[in-house]
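**Student:** First the structure, which I've put down as structure tokens, then a few questions once you've had a look.
The values are calculated or read from the model by the stated rules, or taken from the named source; none is laboratory data. Because the structure is predicted, anything quoted here is derived from the model rather than measured. Neighbour counts are summed over all protein chains in view; Cβ atoms, including those assigned to glycine, are modelled from backbone coordinates with ideal geometry. For accessibility, only protein heavy atoms count, side chains too; no ligands or nucleic acids. Shrake-Rupley method; radii C 1.70, N 1.55, O 1.52, S 1.80 Å.
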Amino acid sequence: MFSIERLEQHGESLALAQRITASPGRGRPLARRLRDNHRVLLGAHRAPDVAARLVRAGMGALGARSGALFLAEGRGRLRLAHAAGLGAPPMRETLTLDRDAIEWLAWSGPFPLAVSTTARRIGAARDQLRDEFDAVWAVGLVGAQGLLGLVAFGPRRIDGGDDHERPVLLE
């Protein structure tokens, strides 16, 4: 097992080793890989460590400067499990969503936060993700029970490409 510091270093070295291209190739879909990692990590013993590893692994794989993981609590609430790369701690640690927003998150796949469709679908949570968590795109984590959580990532650390088009990388 890596320490958190070693995991961060490893993630940064992986991000720096990646080529940035305007036309990404086809490979194993990143959303599926993140969901697979999520399932594996849920079996670990310490939830805070699992959340930190998931967020930092995603940041490293994507070259994102920030990331946050929220877990569903029920009644339209998602509670922050871990955030990294933020300049200041978030003002609120929960996202509140209505039933339609939860259903949309469960089935939408990766989505950019900069578009008006997202604003219509998840309402004020979109602004909270952008303003407090530096997020430019996100994806719902779905299980047999429906929406389990949400993971959001900020813009790339390394310039190269349009952040608003990055959800294509998740497909």
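**Student:** Count the net charge of all other residues whose Cβ sits under 10 Å from the Cβ of MET91, scoring Lys and Arg as +1 and Asp and Glu as -1.
**Tutor:** Net charge in that neighbourhood comes out at -2.
**Student:** Please give the contour-minus-distance gain from SER116 to THR96: 0.36 nm per residue of separation, less the Cα-Cα distance, rounded to one decimal in nm. Let's see the in-between values first.
**Tutor:** On the way: separation 20, 0.36 × 20 = 7.20 nm, distance 1.86 nm.
That works out to 5.3 nm of additional length.
**Student:** While we're on this one: Amide H to amide H, which residues 5 or more places from LEU141 or on other chains are under 5 Å from it, using H placed in the peptide plane?
**Tutor:** Correct list: LEU148, GLY149, LEU150, VAL151.
**Student:** What accessible surface, in Å², does a 1.4 Å probe find on ASP100, ignoring ligands, DNA and RNA and rounding to the nearest 10?
**Tutor:** Per-residue accessible area (ASP100): approximately 120 Å².
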